[in-house]
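The values are calculated or read from the model by the stated rules, or taken from the named source; none is laboratory data. Quantities reported herein were computed from a predicted structural model and do not represent experimental measurements. Using ideal geometry, Cβ is built from the backbone for each residue, glycine included, and neighbour counts are taken over all protein chains shown. Note: areas computed on protein heavy atoms with side chains; ligands, DNA, RNA excluded. Shrake-Rupley method; radii C 1.70, N 1.55, O 1.52, S 1.80 Å.
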Amino acid sequence: MTTPVPDPLFPFPSQSMPHEFLDQFRQAVETGALASLVLARPRRDRKLEPRKQTVRPVVIRNEPRLQWEQQFERQQTHLNLTLDESLARAESLLGPVYQDAVLFTATADITARVTPEGVRIQRKPPSQLPQAAPAHDRRKEHLIPEGVPCLFLVELDVMTQDGKVKQSRQKKFRQINRYLEIVNDIVPELPAEGEIRVVDFGCGLSYLTFALHHLLHVIHGRDVALLGIDQNEHVIQRCRQIAAKLKLTGLEFRSGKISAAESVGRVDLAVSLHACDTATDHALAFAVNSQAAVVLAAPCCQHELSTKIDSPAMEGILRHGVLKERVSAMATDALRAAALEVAGYRTQVIEFIDLEHTPKNLLIRAVRRQKPSPEAAARYAGLKAFLGVETLACDAIVQGR
């Protein structure tokens, strides 16, 4: 029997490789030198195993862990294990399941390959450098971060004085930040210089109105003229008090209907969040007439179409009241998006907030085009014909172009 000869590039006998290889793995983890460990080439009788497994350092709840990424033919799965658990797992897989292993460290790439003659070991200069272990449980970075006092959120009872979000207001905090992400995406569509003119229809208690002012004026450093309008005089008075207390410039609140914005003149951004039923259509028509560069609308209580819809093709759906209401709501928003395209806008219907907050979770985002879509008018007319309706409040959006 031939005595194993130590590999000159790896100073230990090949028959003891698994344990020595694992020692190198342990040492790389403990010293922070590990970039990754890759196990590949499963044996022919182990084809149901992942075709490759990759191990990388991560941080879970401030604790170091090793993440095992298991690569199957059509999917990936992940396990987060401690070092000892990973060592035991690697020992059970190296040789019995996988015939190749590569340990990538800061000092060397160490390859082990199972062959008919035994295990071949090779060391090469490092090809990967260790990276800072990502924190897989870190909180999402928000435009308004938690832990930093934001004065309007303190006044609106969302945050404490030290910037902590109150437990009962976590959903509202996430909603505000989701809204700001959506608005932040369209900031490049607004005028690059000068004052940004905004109208917010149906502003209510104005959580999102104050947030919009904060995004444009504080985060982006722009001059803003933002008008919030609502028919509830009581909430408008409350908003005025907060704006005055915080000395927020460029922020005005008025009580009244949509017509209260007629004196504004140019509008760069028109916002209508949760205006009931056809009030959304009136707000969108105003935005089109004002040639707003961007329109954001989160419709609510779309009842008009449900009283008019007459589509034989959908008889099996419309005969059920609850389904008729839901189909009518979706169709109304589709009509509004189509009407805005006729008026010269590029539209998207996106998820505004999670359904855990409210079932009214869609938002229409529209950006004015250089030229209207030539197919838009036919699409709008075709959708109305399919639904069996002749006139709707959203026709005012088309007429306002």
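Quick notes on this structure:
- Residues of region 73-107 satisfying the condition of being part of a loop (DSSP other than H, G, I, E, B) and open to solvent by less than 60 Å² (accessible area, probe 1.4 Å): Thr82, Gly95, Val97, Ala106
- Hits in region 157-205 (condition: within 23 Å of Gly221 (Cβ to Cβ) and among the aliphatic types (A, V, I, L, M)): Met159, Ile176, Leu180, Ile182, Val183, Ile186, Val187, Leu190, Ala192, Ile196, Val198, Val199
- Members of region 80-102 that are more than 38 Å from the chain's Cα centre (by Cα) and polar (S, T, N, Q): Ser92, Gln99
- Residue among Ala279, Ala270 that is over 25 Å from Pro191 (Cα atoms), touching a residue at least 12 places away in the same chain (Cβ under 8 Å) and not acidic (Asp, Glu): Ala279
- If only residues of region 247-276 that are open to solvent by less than 20 Å² (accessible area, probe 1.4 Å) and outside any strand (DSSP E or B) are counted, the one that is modelled with the lowest pLDDT is Ala261.
- For region 192-215, a residue qualifies if it is in contact with a helix residue (DSSP H, G or I) (Cβ under 9 Å, 6 or more places away or on another chain) and at positive phi, and the qualifying residues are Gly202, Gly204, Ser206.
- Any hit, region 177-191, residues being in a loop (DSSP other than H, G, I, E, B) and either touching a helix residue (DSSP H, G or I) at 6+ places or on another chain (Cβ under 9 Å) or modelled with pLDDT under 95 (or both): yes
- Residue selected from region 41-60 under the condition closer than 21 Å to Pro130 by Cβ and out of contact with any Lys or Arg (no Cβ under 6 Å at 6 or more places or on another chain), by the criterion most open to solvent (accessible area, probe 1.4 Å): Arg56
Matching residues to (1) open to solvent by 30 Å² or more (accessible area, probe 1.4 Å); (2) assigned to a helix (DSSP H, G or I); (3) of a type in the set (Ser, Thr, Tyr):
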residue: Asp281; (1), (2), (3): no, yes, no
residue: Leu284; (1), (2), (3): no, yes, no
residue: Val288; (1), (2), (3): no, yes, no
residue: Ser306; (1), (2), (3): no, yes, yes
residue: Glu315; (1), (2), (3): yes, yes, no
residue: Glu325; (1), (2), (3): yes, yes, no
residue: Ala339; (1), (2), (3): no, yes, no
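- Each residue in region 108-128 was checked for being outside any strand (DSSP E or B) and over 15 Å from Asp23 (Cα atoms), and 6 pass.
- In region 218-246, the residues that are under 21 Å from Lys172 (Cβ atoms) and open to solvent by less than 60 Å² (accessible area, probe 1.4 Å): Leu226, Gly228, Asp230, Val235, Ile236, Cys239, Ile242, Ala243, Leu246
- The C-beta contact set for region 31-44 (first residue within 11 Å of Leu93 (Cβ to Cβ), second residue open to solvent by less than 20 Å² (accessible area, probe 1.4 Å) and in a loop (DSSP other than H, G, I, E, B), distance under 8 angstrom, 6+ apart or interchain) comprises Leu39/Val97; Pro42/Pro50; Pro42/Val97; Arg43/Val97.
- Scanning region 174-186 turns up no residue that is over 23 Å from the mean Cα position of the chain (by Cα), surrounded by fewer than 18 Cβ atoms within 10 Å (Cβ to Cβ) and either within 19 Å of Phe286 (Cβ to Cβ) or small (Gly, Ala, Ser) (or both).
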